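For reference, the structure is listed below as structure tokens.
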Amino acid sequence: MPFPSTSDAESSKYDISTVDLDDDRYEVKQSMVRNKYTVRDSAGDVVLRGKQKMFKLKEEFPFVTGDDEDAFSVKAGGIMDIAGNYAITDAGTGEEVVVLDEDYSLFMENWTIRDPETGEALATIRSKNKLLSGLRHLVGAANLVPNKYEIFDADGGHVGDIEGKFSLRDAYTVTIDDASDVPKEAVIAAACILDALENQ
């Protein structure tokens, strides 16, 4: 049996114990209920469901598996003191796995997926359309136009995409290359969160 490569060992450090996301393509769809999401794999099976808890002091998005078992939660303001950051906590271990750090400016949306202890960047999610990103924050009707994002690894290499679709309910296809060591759970959670935040 071959030994795991360094990148395999690194990526497993950021895996979530309660879910096994080994597909390279996922569909994220918002339900009729605001900020409630279902994630399906390429076979169409539900692998995750998440819903933003409203009226809390800090925003929280708990996710469950397709079998309704607690998977992980995403909470505003993790251990790292960064404005606009969200910590992903493994429901099985209670440990923070990664931190999603929103670097927001008027004309660009960047999300960085970081190590929760060192702050080291593991991946970046960037909006492909600067003008549309700006308009979505200024003009409500611009939210009807689906946004598109690119996913980059720590070295700046392109490893995937988040493609919005024209739909009454927000829907995204998240594609991550097989060779990527980017944490998939974090990218999929980010796809739900950035959609929810854009629609506020």
*Sort through 90, 103, 115 and tell me the only one that's more than 12 Å from the chain's Cα centre (by Cα), modelled with pLDDT under 85 and of a type in the set (Asp, Glu).*
103
*Say we look at the range 52-67 and pick out the residues that are modelled with pLDDT under 85, surrounded by 13 or more Cβ atoms within 10 Å (Cβ to Cβ) and not acidic (Asp, Glu); which of these is nearest to residue 170 (Cα to Cα)?*
52
*Search the range 68-84 for residues being in contact with a Lys or Arg (Cβ under 8 Å, 6 or more places away or on another chain) and open to solvent by less than 60 Å² (accessible area, probe 1.4 Å), and hand back the single one that is modelled with the lowest pLDDT.*
80
*Could you pull out the residue among 31, 12, 42 that is at pLDDT below 90, of a type in the set (Gly, Ala, Ser) and open to solvent by 50 Å² or more (accessible area, probe 1.4 Å)?*
12
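The values are calculated or read from the model by the stated rules, or taken from the named source; none is laboratory data. Given the structure is predicted, the values throughout are model-derived calculations rather than measurements. Every residue, glycine among them, receives a Cβ derived from its backbone with ideal geometry; neighbour counts consider all protein chains shown. With ligands, DNA and RNA removed, areas are computed over all heavy atoms of the protein, side chains included. Shrake-Rupley method; radii C 1.70, N 1.55, O 1.52, S 1.80 Å.
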